[in-house]
Each structure stands twice: as structure tokens, then as C-alpha cells.
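Here's the structure we're looking at; comments come further down.
Taken together, the values in this text are just the output of simple stated rules run on the coordinates, not laboratory data. Note that this is a predicted model, so its numbers are computed, not measured. Note that we place each Cβ from the backbone using ideal geometry, even for glycine, and neighbour counts take in every protein chain shown.
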Amino acid sequence: MATQTEAAVVCRDVIKNYGSGDSLVRALRGVDLEVFPGELTLLVGPSGCGKTTLLSVVAGILEPTSGQVNVLQHDLRKMSQSKKVRFRRQNIGFVFQQYNLLPALTAAENVSIPLILAGQSRRRAHAAAVELLERMAMGNRANALPTQLSGGQQQRVAIARALIHHPRLLVCDEPTSALDAKTGHTIMEVLRSVAVEGERAVIIVTHDSRVYDFGDRIARMEDGHIIGIDTQNGTGRSMRATSDVATVGGASHGGVTA
């Protein structure tokens, strides 16, 4: 568990509504949540309960209707849209459910995108991407197109792309939903080590009960509310072996392939 007392994410009474009048949808109904560095926090609950909406608010993609959202000691509601875009590029990594890899680009080219957007030359960005893929036991697939990769390999590329710029916050939307049990377990080991070894805050939206064992905190959502937060401090969570792992962006990643 993290020893820091200062949360990486603080949400207070966050409300998010869509529409108005008879078409009003209350997606978030006063959410309170804290997420800490060095921990993996799971947002769990049935489909439609507000998990992805909350993740999008925390990531600065959606504007809340009301409430406080502080991320890495920055008040997102006080930022202009352009400042939020820069803030996300510098501080937040995204792992999407469908990977969102560009099909015409190789694995290394996909991973290098955040660095190129940040102003690095294509040569330096590509070299950094290849190095990161090598540390994730994907070096031999650096020049492969997404269609030439398995689901687990594509997910590793997506994680590498999310980590290439050393973000302090990593947000993931259903990263194991399309994976078999073994591959999903491997992906969660990678994400868990990203948080613990890198002192990075990690938030994962999931309804996959197979991965609950990996969470330090499990925030249970229902009907736009967080109805409870379970904590696991080593007795309830299986500790993962750290031998034969390589350090990636300040975090350790298992050397197995998926």
C-alpha cells in the first residue's frame, strides 16, 4: 500500500447529468473518491452504473455538472480546455477497452505517438518506443502491425503507449474484458506492477470479478453512487513475484508474453 498521505485524485460530490427535462440522465449522483499513488484502484459495478463516466471525468475528458475534481493537485474545473489537453498529455496515460491502435502503424509507431505529440523527433520517439517494448518482452514484435498481434500483445502495446511519457496517473477502461483468463491475469500483473513499483496512481474500470484480487482499493458503484470502498493491504491480495521483471518507465513489468 502507498505511504503517501496526499491523494493523486480527489473527487467530492461529483455530479454528471446528461440532457434535461424528461430526457435528463443522472450518470453520477454525488461521487466521493480518493485515489492514491502506488495503488491500483478498481471501479466495479454493473453496466450503466457510471464507472466509465467517472473515469472520463477524472481524466478530464468529460466536464462534471458540479462538484470538485482535483487530479495531481490540479483543479480540473479551473482549467481551460487547451490547458486540460496539455495536462493530460503530460500526466495521464490511457488504456482503452478496444486498444485504439492505429492499424496502419507498427507496434513501435503506435507507442511513439505520445512522444511525437509532445514534440520529440520521430527518430528519438521511435527509439524510446522500441526500448520500452523490449522491456515488456515485445521487442520482437516492434515492427508488427496490430492485425499481426494477439489480443494480449495488442494490449501490451496499448499499455506501452500509455506509459511512454511517464504519466503519474494511468486510467484503464475494461482492460481484460476481451481477454481469456490467462492473458487477462498477465495484463493485470503488468498493471499492478506499474502502480506499486512506479508510485503511479492506477484506476481500472472493470466488471471482471476475476481481477478483483489485484486491487488495493475496490470502489463499488451502483446507480451513479459509490456505495462502498473495500481495501486490501496484503492479507486480502495475493502478492506477485517480482523476479525476472524489467523496469519500465519507473515500474516493473513481467517478462512473460501474452
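If you take the alpha carbon radius of gyration of the chain and divide it by 2.2 N^0.38 Å, what ratio comes out, to two decimals?
Rounded to two decimals, the normalised Rg is 0.98.
Sticking with the crude label model, points 7 Å out along Cα→Cβ, report the distance from ILE61 to VAL25 in nm, one decimal please.
1.5
Between rounded, prolate and oblate, where does the range 127-188 land on the alpha carbon gyration tensor, with a ≥ b ≥ c its root eigenvalues, rounded for a/c under 1.5, else prolate if a/b exceeds b/c?
oblate
Using only the Cα atoms of the range 118-224, build the gyration tensor, take square roots of its eigenvalues as a ≥ b ≥ c, and label the shape rounded, prolate or oblate: rounded if a/c is under 1.5, else prolate if a/b is larger than b/c, else oblate. If you can, show how the numbers build up before the last one.
Numbers: a/c = 2.19, a/b = 1.53, b/c = 1.44.
It comes out prolate by the Cα gyration axes.
Could you give the nm distance between label points at ALA127 and THR147, where each point is 7 Å from its Cα heading toward the beta carbon?
About 3.2 nm, to one decimal.
Does anything in the range 129-146 have its amide N under 12 Å from the 7 Å Cα→Cβ label point of ALA118, and if so which residues?
129
What lysines could a cross-link reach from LYS84, if we take a straight Cα to Cα line under 25 Å and drop same-chain neighbours fewer than 8 places away?
LYS16, LYS51
Just how far, in whole angstrom, is the range 96-173 from the range 10-82 if you go by their alpha carbon centroids?
27
Helix-only mean residue ellipticity at 222 nm, the chain, DSSP H runs n ≥ 4 weighted -39,500 (n - 2.57), per residue, nearest 500. What is it?
Numbers: 6 runs with 75 residues, N = 258.
-9000 deg cm²/dmol, from helical runs alone.
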